[in-house]
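K.L.:
Okay, here's the structure, questions in a sec.
The values are calculated or read from the model by the stated rules, or taken from the named source; none is laboratory data. As the structure is a computational prediction, the values presented were derived from the model and not from experiment. Virtual Cβ from ideal backbone geometry, glycine too; neighbours counted across all protein chains shown. These accessible areas exclude ligands, DNA and RNA; they are computed on the full protein's heavy atoms, side chains included. Shrake-Rupley method; radii C 1.70, N 1.55, O 1.52, S 1.80 Å.
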Amino acid sequence: MAEIRVLTQAVADKIAAGEVAERPSAVVKELVENSIDAGADRITVEIRKGGIAYISVEDNGKGIPFDEVETAFVRHATSKLREIDDLFEINTMGFRGEALASICAVSDVTVITKQKDAAEGALVAVNHGKVSKKETIACNDGTVMVVENLFASVPARMKFLKKDSTESGYVADVLCRIALSKPQIAFRYVCDGKEQFSTSGDGSLKNAILNIYGIDHAKGVLGVEHSENGVTVSGVVGKAELARGNRMRQTLFVNGRYIKNHVVSKIVEEAYRNVVMTGKFPFFVLDIRLSPSLVDVNVHPAKTEIKFANEKEIYDIVYRAVKNAIYHREETVVPEKTPAASVKVDTEKSISSPWQLVKPQDKKREETVDRRTVAQFLENTVPKHGEIVFNAPKTENPFRPDWEKEKIVVSKEETAPVNDISEVVSEETKSSENISVEKNEPIKLFADMPECTVEESFVVVGQVFGTYVIAQKGEKMFLVDQHAAHERKRFEILKKDYQERGVSGQLLLAPIVLDVDSSEIQVVKDNCETLKNMGFDIEEFGRNSVIIRETPFVSDEEDIKALAVEVISILADGRPSGLLSFEERLLDTVSCKYAIKANKKLSVLEMEVLLRDVEELEKSGITTCPHGRPIRIEFSKREIEKMFKRIV
């Protein structure tokens with residue numbers, strides 16, 4: 001065993017610095033919290049090169065007395081703690097007296113500070129733990145902390161940092177959280193000479209959300225205010241449309257301190273059960289207020305983890321607070337036990353395609369709308385005599401990505417009227433002689449269905465629950481999940497395109513502006529090439545937004561926005577997820593968004609094309625969606641006969 005020795009002060013300081021100042025964002029957090037404790041109501045943060053080269057935190061707080069400035073950089077020197085019992089009544093952001101000492105150990109720090117009643121201020125420079133300058137200076141009230149050359153004395157630490165833009169994003173995220181916890185303080189964040197965001201400091205949480213996340217979030221939140229047994233839960237939760245594919249927009253404070261608590265996140269998500277779809281995470285900004293004696297904030301060097309003295313009670317109160325906000329104030333949310341008849345449905349908006357049924361309470365309106373939509377569909381899709389149609393509109397077969405590769409020929413001598421389907425034959429199935437259908441002769445869809453042999457393809461039988469296609473092949477019956485099947489087909493097409501030449505983007509007629517926060521803007525800027533290969537043209541557009549000019553598929557504005565949000569979230573996450581690699585996760589997000597959905601009624605033609613796709617996938621050995629769920633399940637004739645006790 002090696003000899004036991006006491007570490008030198010320099011080594012001990014650098015080890016301690018690794019716990020507090022692990023990256024630039026941690027440095028910013030500590031300095032901003034000091035400004036808050038100093039009573040500032042205006043704080044400006046500026047960084048350069050991700051915070052490695054330069055960090056400046058300026059406030060208008062109380063300032064530091066001239067003769068105490070040097071002492072502030074000594075380890076365990078603090079104005080916020082006196083006795084051991086004070087640890088159980090902490091009302092300040094900081095209290096250990098380690099932050100400044102740890103930061104000075106791995107950087108060059110300059111502080112300029114002045115108290116309100118002082119005639120002059122103080123300037124003190126500390127280079128890697130040693131005071132190199134101290135003098136009086138004329139300056140404004142408050143304090144300016146400048147940190148330069150971070151980790152210059154510990155270059156090994158540098159290799160664990162990410163690129164400058166990513167580190168800048170971490171700083172932005174930290175500042176956004178703190179700004180949401182203190183809406184009464186005006187925050188301003190400047191990165192590489194450009195202002196990223198600023199808050200008004202008017203005390204309104206909604207206005208802070210507006211400044212950070214944009215108008216959609218400010219308008220889409222529900223207030224939370226719930227008190228019980230000395231515990232108060234306040235803040236906002238988002239409506240269902242604000243839910244995202246990760247938890248990046250979930251913010252929790254305890255007595256104004258930003259913390260990370262996965263249990264609380266799970267509890268909030270449980271309150272959203274049956275409101276937000278599986279795999280989505282609700283937006284919230286919540287502050288839990290309770291006696292400091294019931295909270296232990298001294299369990300983590302960065303103070304981002306805490307312990308409650310009565311966890312079960314706290315969690316129950318949070319659940320009730322969020323549940324009440326969702327169901328008492330959200331008019332569009334229907335509780336689980338609400339009768340279906342009481343749900344209001346806008347019949348006009350509910351018609352997304354000719355295949356979707358209208359709610360039957362307005363019979364006259366239903367018939368009028370149905371005739372109009374069917375007529376429009378036929379007018380757009382049935383070509384005139386002799387036409388060869390390329391690039392057919394999506395309504396022809398909205399779930400077939402490579403539809404444009406097929407040719408449709410009309411063999412009828414006369415032009416087909418709008419309300420009469422005469423003959424549409426695809427070149428793939430066309431025989432040597434044109435097939436004809438007598439005018440006004442009804443088309444038989446399921447009657448007199450021929451007997452299948454083992455060699456034949458799938459034969460459509462019907463659709464059940466608006467989600468599963470029933471088919472027969474030989475002596476087997478199949479149930480096909482229409483969303484899983486179509487999602488996998490699109491995924492394979494996109495994957496092939498991506499590997500060969502990149503996914504082709506489609507230019508939008510009108511560009512779409514999407515509100516994002518500063519960290520998400522940085523993600524877009526860092527991943528321009530990846531987005532381009534995925535078929536997107538997205539770039540920064542103003543301080544809190546990006547503009548979308550191209551997408552892999554053209555859809556309505558809300559779908560495009562939702563897809564862009566998910567793609568940006570995946571890029572921000574940047575890690576493999578489950579069975580999918582990073583690139584495959586991106587491709588699946590795109591294919592899933594534009595795949596045919598469950599609860600959508602399909603025509604016989606659409607079901608036939610879908611089954612043909614399933615056959616092609618199975619020939620390649622593919623039987624599941626990208627997430628591993630089965631595309632179809634099968635029942636043999638013998639199994640069905642055994643179910644009905646026809647055989648033993």
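K.L.:
What tally of residues in the stretch 188-226 results from selecting those that are in contact with a strand residue (DSSP E or B) (Cβ under 9 Å, 6 or more places away or on another chain), hydrophobic (A, V, I, L, M, F, W, C) and farther than 19 Å from residue 522 by Cα?
P.N.:
6
K.L.:
Determine, yes or no, whether residue 534 is open to solvent by less than 30 Å² (accessible area, probe 1.4 Å) and either aromatic (Phe, Trp, Tyr) or within 28 Å of residue 169 (Cα to Cα) (or both).
P.N.:
Numbers: open to solvent by less than 30 Å² (accessible area, probe 1.4 Å): yes; either aromatic (Phe, Trp, Tyr) or within 28 Å of residue 169 (Cα to Cα) (or both): yes.
Yes.
K.L.:
Now for a different question. What tally of residues in the stretch 608-648 results from selecting those that are in contact (Cβ under 8 Å) with a residue 40 or more places away in the chain and within 26 Å of residue 563 (Cα to Cα)?
P.N.:
Going through the stretch 608-648 one residue at a time, the tally reaches 14.
K.L.:
Report yes if residue 512 is surrounded by fewer than 22 Cβ atoms within 10 Å (Cβ to Cβ), aliphatic (A, V, I, L, M) and either modelled with pLDDT under 85 or closer than 30 Å to residue 192 by Cα (or both), otherwise no.
P.N.:
yes
K.L.:
Among the residues of the stretch 133-159 satisfying the criterion of being in a loop (DSSP other than H, G, I, E, B) and not polar (S, T, N, Q), which is most open to solvent (accessible area, probe 1.4 Å)?
P.N.:
159
K.L.:
Among the residues of the stretch 624-648, write down those that are of a type outside the set (Lys, Arg), modelled with pLDDT of 90 or more, under 18 Å from residue 486 (Cβ atoms) and open to solvent by 50 Å² or more (accessible area, probe 1.4 Å).
P.N.:
Listed by number, the residues that qualify are 630, 633.
K.L.:
Given the structure, is residue 167 open to solvent by less than 50 Å² (accessible area, probe 1.4 Å) and closer than 16 Å to residue 25 by Cα?
P.N.:
When the stated conditions are applied, residue 167 passes them.
K.L.:
Further question: I need a count of the residues in the stretch 462-504 that are more than 12 Å from residue 626 (Cβ to Cβ), part of a helix (DSSP H, G or I) and among the charged types (D, E, K, R).
P.N.:
3
K.L.:
Moving on to the next point. Kindly establish whether residue 330 is of a type in the set (Asp, Glu) and either at pLDDT 85 or above or open to solvent by 60 Å² or more (accessible area, probe 1.4 Å) (or both).
P.N.:
Working: of a type in the set (Asp, Glu): yes; either at pLDDT 85 or above or open to solvent by 60 Å² or more (accessible area, probe 1.4 Å) (or both): no.
When the stated conditions are applied, residue 330 does not pass them.
K.L.:
Report, by residue number, each residue of the stretch 457-482 that is open to solvent by less than 30 Å² (accessible area, probe 1.4 Å) and under 32 Å from the mean Cα position of the chain (by Cα).
P.N.:
Listed by number, the residues that qualify are 466, 467, 469, 480, 481, 482.
K.L.:
Given (1) open to solvent by less than 40 Å² (accessible area, probe 1.4 Å); (2) at pLDDT below 90, where does residue 613 come up short, assuming only one miss?
P.N.:
For residue 613, the exception is condition (2).
K.L.:
Read through the list (1) surrounded by fewer than 16 Cβ atoms within 10 Å (Cβ to Cβ); (2) of a type outside the set (A, V, I, L, M, F, W, C); (3) under 22 Å from the mean Cα position of the chain (by Cα), then give the number of the only condition that residue 307 fails.
P.N.:
Among (1) surrounded by fewer than 16 Cβ atoms within 10 Å (Cβ to Cβ); (2) of a type outside the set (A, V, I, L, M, F, W, C); (3) under 22 Å from the mean Cα position of the chain (by Cα), residue 307 violates only (3).
K.L.:
Restricting to the stretch 538-553, what's the tally of residues that are open to solvent by less than 70 Å² (accessible area, probe 1.4 Å) and either touching a Cys at 6+ places or on another chain (Cβ under 9 Å) or more than 16 Å from residue 587 (Cα to Cα) (or both)? First the steps, then the outcome.
P.N.:
Keep residues of the stretch 538-553 that are open to solvent by less than 70 Å² (accessible area, probe 1.4 Å), which gives 538, 540, 542, 544-548, 550-553.
Okay, now just the ones that are also either touching a Cys at 6+ places or on another chain (Cβ under 9 Å) or more than 16 Å from residue 587 (Cα to Cα) (or both), so 538, 540, 542, 544-548.
The number of residues fulfilling the criteria is 8.
K.L.:
Within the stretch 228-251, is there a residue that is out of contact with any strand residue (DSSP E or B) (no Cβ under 6 Å at 6 or more places or on another chain), open to solvent by 50 Å² or more (accessible area, probe 1.4 Å) and among the small types (Gly, Ala, Ser)?
P.N.:
Yes, the stretch 228-251 contains at least one residue that is out of contact with any strand residue (DSSP E or B) (no Cβ under 6 Å at 6 or more places or on another chain), open to solvent by 50 Å² or more (accessible area, probe 1.4 Å) and among the small types (Gly, Ala, Ser).
K.L.:
Please verify whether the stretch 637-645 includes one or more residues that are in contact with a strand residue (DSSP E or B) (Cβ under 7 Å, 6 or more places away or on another chain), among the hydrophobic types (A, V, I, L, M, F, W, C) and at negative phi.
P.N.:
The answer is yes, given that some residue of the stretch 637-645 is in contact with a strand residue (DSSP E or B) (Cβ under 7 Å, 6 or more places away or on another chain), among the hydrophobic types (A, V, I, L, M, F, W, C) and at negative phi.
K.L.:
Right, another one. For residue 585, are the conditions met, namely being basic (Lys, Arg) and buried (at least 19 other Cβ atoms within 10 Å of the Cβ)?
P.N.:
yes
K.L.:
Okay, moving on. Can you work out which of the residues in the stretch 485-518 that are hydrophobic (A, V, I, L, M, F, W, C) and more than 21 Å from the chain's Cα centre (by Cα) is nearest to residue 609 (Cα to Cα)?
P.N.:
Out of the qualifying residues, it is 485.
K.L.:
Out of curiosity, is residue 162 open to solvent by 10 Å² or more (accessible area, probe 1.4 Å), part of a loop (DSSP other than H, G, I, E, B) and closer than 30 Å to residue 209 by Cα? Give the steps one after another, and end with the answer.
P.N.:
Working: open to solvent by 10 Å² or more (accessible area, probe 1.4 Å): yes; part of a loop (DSSP other than H, G, I, E, B): yes; closer than 30 Å to residue 209 by Cα: yes.
Here the answer is yes, as residue 162 does meet what is asked.
K.L.:
So, of the residues in the stretch 43-72 that are under 18 Å from residue 98 (Cβ atoms) and part of a loop (DSSP other than H, G, I, E, B), which turns out to be least open to solvent (accessible area, probe 1.4 Å)?
P.N.:
Only one residue fits best here, namely 69.
K.L.:
Does residue 40 satisfy the condition of being assigned to a loop (DSSP other than H, G, I, E, B), farther than 23 Å from residue 189 by Cα and either modelled with pLDDT under 90 or not hydroxyl-bearing (Ser, Thr, Tyr) (or both)?
P.N.:
Answer is no for this residue.
K.L.:
Name the single residue, out of those in the stretch 111-132 being over 43 Å from the mean Cα position of the chain (by Cα) and among the β-branched types (Val, Ile, Thr), that is surrounded by the most Cβ atoms within 10 Å (Cβ to Cβ).
P.N.:
Going through the qualifying residues, I end up with 124.
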